[in-house]
Amino acid sequence: MKLLLEKFKKFAEEVHKLVCPPATQDLELNTKNRDAAIQAEHIQYGPLNVSEPENYWQNIAAHWNTSEKAARKSLCGNCVAFDISPRMKDCMPGETSDQDGQLGYCWMHHFKCHSARSCYTWAKGGPIKDDNKSAEWQEKNKSSLGVTKSRLKEIIEEELTSIINEEELFYEVDALDINEEYCPVCQETQGLDEDEKKPCKPSKGKRFAKRVDGKCRSFGQAGKAKDGGDRIRPGTAKADAYCARSAKIKKCKNPPCANTLSRKKWKCQGSKSVA
Ligand code: SF4
């Protein structure tokens, strides 16, 4: 169940990325779009420094053929394309407000813009505060999101089916002792006789034993390391060397065999030991 929940959590995070505008999840893309909005003659996003606007407001007032006072009131913060809905706030990583205002998503130029700035394409009617309104803008802009609603539905269905199928194939129970060999549920379902239910003892010179198909299988070198510590120390150079060596050993006919069981103890993933 824990595994299933972890998979759902990871999947939910992936879906979250898909439903958020890409620029809110990708700093490089956001910066590229913002810089383009600053440079473009028909956009002129600014001022760069809200406290030191230089002649930004005079210029924009001239462009709109209005007064500087009116221009200063036409901000991203009240633009029709400025999205500060709850769902969009969820898409924004980190702090979204400062002493001058807050960040929102600009649906016209696709970057995180600041409420105290403006641009030539400002239009009244904002901000977008409602999730439904935000979803409408997203639907209108679906080509820029890289995933459509129907594709998203397909992805969700495919992923959930594969997670559920995987969960049906594997059933995990906690081991009761260090040998990890006692699995009451497995024994019941396999109909093993009394002898076959007994815990296995490691053979001479071996540290662990595990019952596989009713038979005991011993593995792992017994004893301590030279310094008196545990021989098996996943994540160390020694462990990597072990994993690299054992990865070259051919798979046996009736797995899991000793090599596979030992590799599990060393936490081998390919030729690396991942602690
Ligand atoms: S279109 Fe509106 S929200 Fe976007 S940058 Fe211009 S003023 Fe800001």
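Among the residues of the stretch 80-106, what is the count of those that are within 15 Å of the ligand (Cβ to nearest atom) and without any contact (Cβ under 8 Å) to a residue 60 or more places away in the chain?
12
Give the residue that is farthest from D98 (Cα to Cα), with candidates limited to residues of the stretch 111-123 that are near the ligand (Cβ under 6 Å from one of its atoms) and not aromatic (F, W, Y).
Once the filter is applied, the top-ranked residue is T121.
Does the stretch 68-79 contain any residue that is free of Cβ contacts under 8 Å to residues at least 24 places away in the same chain, aliphatic (A, V, I, L, M) and closer than 13 Å to R117 by Cβ?
No, the stretch 68-79 contains no residue that is free of Cβ contacts under 8 Å to residues at least 24 places away in the same chain, aliphatic (A, V, I, L, M) and closer than 13 Å to R117 by Cβ.
Let me spell it out: the conditions are (1) at pLDDT below 95; (2) assigned by TED's automatic domain parsing to the domain that holds D131, and A81 meets all of them except one. Which number is the exception?
(1)
Given the criteria within 8 Å of the ligand (Cβ to nearest atom) and surrounded by 14 or more Cβ atoms within 10 Å (Cβ to Cβ), does G126 qualify?
So G126 fits the description; yes.
Does the stretch 42-60 include one or more residues that are charged (D, E, K, R), outside any helix (DSSP H, G or I) and more than 13 Å from the ligand (Cβ to nearest atom)?
Yes, the stretch 42-60 contains a residue that is charged (D, E, K, R), outside any helix (DSSP H, G or I) and more than 13 Å from the ligand (Cβ to nearest atom).
Pairs, please: C-beta under 8 Å, at least 6 apart or cross-chain, first residue free of Cβ contacts under 8 Å to residues at least 40 places away in the same chain and in the stretch 120-141, second not aliphatic (A, V, I, L, M)?
These pairs meet every condition: E139/K149; K140/W107.
The values are calculated or read from the model by the stated rules, or taken from the named source; none is laboratory data. Just so it is clear, the model here is predicted, and its values are computed rather than measured. With ideal geometry, Cβ positions are generated from the backbone for all residues, glycine too; neighbour counts draw on all protein chains shown.
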